[in-house]
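Notes to accompany the following structure.
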Amino acid sequence: MNRRVTALTRKRVIANFPRRPLDSHKGLFGTVAIIGGANGMVGAALMAARAALKLGAGCVHAGLLADSPPAVDLIQPELMLHDASAAMNLPDVDVYAAGCGLGTSVIAQKLLYQLLRRNMPLVLDADALNLIARHADLQDDLRDRRPGTVITPHPGEAARLLDCTTQQIQADRVTAAREMAQKFRCSVVLKGAGSLCATRDGKLFVNDTGNPGMSSAGMGDVLTGMIAAFIAQGMSADDALRLAVHLHGAAGDALAEQHAGIGMTASELTDWARYLLNAWLDS
């Protein structure tokens, strides 16, 4: 097996980011819909949606499973909030992301089943991955997808997807990342120190940005929203994954340089990611 691993660099990941024409309008930059936010976990879906908006998607919807979801995000009122079932029937969505606070209820399973069978790009995180690990039919649906699909497991979720232990995943992360990409025929980031990005065609990339301060709630939700935003703007699933992973870690590093290594929050990281993306494009 070819075990070559290529390092991600700023120059490499930003190269295919689409430039905006002078006569731009929001319709050119895609519509993202985030499905998640079950009871007690609404914040996860909102953080993903805010990240998608701030990283450039033209429009962002959040479909929430909570019994009494908010009607508006008072911090980010530009977002459009819906009941999760209603969000499944929105017109003109370019990419869905599912899993952020999704839960593992029967309703969540049914929504994921529907998403896997849709002919559009899809980003899957957290409970979406836990559901897939539990249900063979969902695994088959994931394998059968043709549009770009990205999964974003941490080592525990990867262990469930590959039916092994977390220790086995960490003992050979390169093999684990490649096995998930091959097994599910999708793009994969195996998160952690030195996140590994495996593409559908067998290429593997390692990311060296990021730091221990990023070990806090919501970081994965933000990454999911960033990947979805870049796909919505026209990047391939593989290119969107590589850019989001490298930029996500770089934003964490920028925060650490501001002496925010302890107590770093995902919401702060989103703003730094936006700043760095624009700086990289201007340089």
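The values are calculated or read from the model by the stated rules, or taken from the named source; none is laboratory data. Note that the structure is predicted; figures quoted are calculated from it, not measured. Methodologically, a virtual Cβ is constructed for each residue, glycine included, from the backbone with ideal geometry; neighbour enumeration extends over all protein chains shown.
Points worth noting:
- Residue satisfying all of: in segment 156-174; out of contact with any helix residue (DSSP H, G or I) (no Cβ under 9 Å at 6 or more places or on another chain) and in a helix (DSSP H, G or I); nearest to residue 237 (Cα to Cα) among these: 174
- Within this structure, residue 189 fails the test of being closer than 17 Å to residue 13 by Cβ and either of a type outside the set (Val, Ile, Thr) or in contact (Cβ under 8 Å) with a residue 60 or more places away in the chain (or both).
- Against the numbered list (1) on the phi > 0 side of the Ramachandran plot; (2) without any contact (Cβ under 8 Å) to a residue 60 or more places away in the chain, residue 99 comes up short only at (2).
- Within segment 113-146, being out of contact with any Leu (no Cβ under 7 Å at 6 or more places or on another chain), more than 24 Å from residue 215 (Cα to Cα) and touching a residue at least 60 places away in the same chain (Cβ under 8 Å) holds for one residue alone: 121.
- Those helices (runs of 4 or more DSSP H) lying entirely in segment 42-127 with at least 2 residues within 13 Å of residue 221 (Cα to Cα): 42-54
- Test result for residue 108, closer than 25 Å to residue 47 by Cβ, of a type in the set (Gly, Ala, Ser), touching a strand residue (DSSP E or B) at 6+ places or on another chain (Cβ under 6 Å) and surrounded by 14 or more Cβ atoms within 10 Å (Cβ to Cβ): no
- Any hit, segment 13-33, residues being surrounded by fewer than 24 Cβ atoms within 10 Å (Cβ to Cβ), within 23 Å of residue 129 (Cβ to Cβ) and modelled with pLDDT of 95 or more: no
- Annotation note: of 242, 178, 200, the sole residue that is at pLDDT below 95, at negative phi and in contact with a strand residue (DSSP E or B) (Cβ under 9 Å, 6 or more places away or on another chain) is 200.
- Scanning segment 41-61 for residues that are over 16 Å from residue 122 (Cβ atoms) and either buried (at least 24 other Cβ atoms within 10 Å of the Cβ) or free of Cβ contacts under 8 Å to residues at least 24 places away in the same chain (or both) returns 44, 46, 47, 50, 51, 55.
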